[in-house]
Amino acid sequence: MAESQSQSQDKATGGKLYIVGIGPGSVEQMTVKARDVILNAGYVLGNGTYLDQIESLLGTQEVIRSHMGKEVDRARKAVELAKIANVVMVSGGDTNVYGMAGIVLEVAEHEGLEVDIEILPGVTAILAGASMLGAPVVTDFAVISLSDLLTPWEVIEKRLNLAAEADFVMALYNPKSRKRQSNFSRAIEIIRQYKAESVPVGLVKNALRGEGEGRIVTTLGKVMEYEDWVDMSTTILVGNGDSRIWNSQKKDFIITPRGYHKKYDY
């Protein structure tokens, strides 16, 4: 009862907007503060897919569901509500890495709305996927989305070329969708111009979400054999020239050495 009264007070006298990264999509993978902020919010807004993933945290809050393509409308609504209440804008993964932090701040800036905003990070796909693959991302890396919905393919192609030539460990987000069937194969073709066929590649689907979770460890030369397995919920991690595959307990891991072996004798 006391909690319900607190929620009503938030709606009447609030005035803060939290942009919250919910991580991979399971409540146990969220930060403690992210969970607390959601539980004590007056309003929670987000893409319906992400709201479904935190359903166990939703009860007394007023929930406003939206869908892909309505990010700007969602941001405007959140900023307006934050004038009078404690509001949470849910962002899948991390709030910054292809998340909602940018558009919400842009909307607030554009409309000249002064609201108190706090941004809470979440585990993004490259980190969730890396934890399932071993240690592929312990040195310099580049994260590139293959979605050309907001970024022209020419720009994406330039980034792929430069990152591959520099031998970064590379994470590819949004590799394939129903409307974008060829971007993944085009990206791998570009990367193969600079990296050896033996370079390890990890594919992780629904990283740390539990349901539908899966992983494949292969090489750059063989990765296209798994093209049909790749979709929008898959993150691709491509190693660098030092990366290797280690088989332990009948399970393949990717290791990217950071260089300790060169300094210490082990």
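The values are calculated or read from the model by the stated rules, or taken from the named source; none is laboratory data. All figures in this text were calculated on a predicted structure; none of them were measured in a lab. For neighbour counting, all protein chains shown are included, and Cβ atoms are generated from backbone atoms with ideal geometry for every residue, glycine included. For the accessible areas, the whole protein counts, side chains as well, though only heavy atoms, and no ligand, DNA or RNA atoms are used. Shrake-Rupley method; radii C 1.70, N 1.55, O 1.52, S 1.80 Å.
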Residue pairs qualifying under the 6 Å Cβ cut-off, at least six apart or on distinct chains, with the first in segment 186-213 being under 17 Å from I254 (Cβ atoms) and of a type in the set (F, W, Y) and the second being in a strand (DSSP E or B) and at pLDDT 95 or above, are none
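Look through V90, V115 and report the one residue that is in contact with a helix residue (DSSP H, G or I) (Cβ under 8 Å, 6 or more places away or on another chain), over 30 Å from K250 (Cα atoms) and surrounded by 20 or more Cβ atoms within 10 Å (Cβ to Cβ).
V90
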Taking segment 53-76 and the residues there that are more than 30 Å from E111 (Cα to Cα) and outside any loop (DSSP other than H, G, I, E, B), the one that is most open to solvent (accessible area, probe 1.4 Å) would be E55
Taking R244, is it surrounded by fewer than 18 Cβ atoms within 10 Å (Cβ to Cβ) and in contact (Cβ under 8 Å) with a residue 60 or more places away in the chain? no
Of the conditions (1) more than 19 Å from G122 (Cα to Cα); (2) of a type in the set (S, T, N, Q); (3) surrounded by 21 or more Cβ atoms within 10 Å (Cβ to Cβ), the single one that T235 does not satisfy is (1)
Exactly one of M224, M170 is free of Cβ contacts under 8 Å to residues at least 60 places away in the same chain and either of a type in the set (D, E, K, R) or out of contact with any Cys (no Cβ under 9 Å at 6 or more places or on another chain) (or both), and that residue is M224
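Looking at V123, is it in contact (Cβ under 8 Å) with a residue 12 or more places away in the chain, more than 27 Å from L203 (Cβ to Cβ) and touching a helix residue (DSSP H, G or I) at 6+ places or on another chain (Cβ under 7 Å)? Walk me through it before giving the result.
Working: in contact (Cβ under 8 Å) with a residue 12 or more places away in the chain: yes; more than 27 Å from L203 (Cβ to Cβ): no; touching a helix residue (DSSP H, G or I) at 6+ places or on another chain (Cβ under 7 Å): yes.
Taking the combined requirement at face value, the residue does not satisfy it.
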E225 fails exactly one of (1) open to solvent by less than 30 Å² (accessible area, probe 1.4 Å); (2) at pLDDT 95 or above; (3) in contact with a Ser or Thr (Cβ under 8 Å, 6 or more places away or on another chain), namely (1)
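Considering each of K195, K205, K176, K158 in turn, give the residue that is loosely packed, with under 14 Cβ neighbours inside 10 Å and of a type outside the set (G, A, S).
K158
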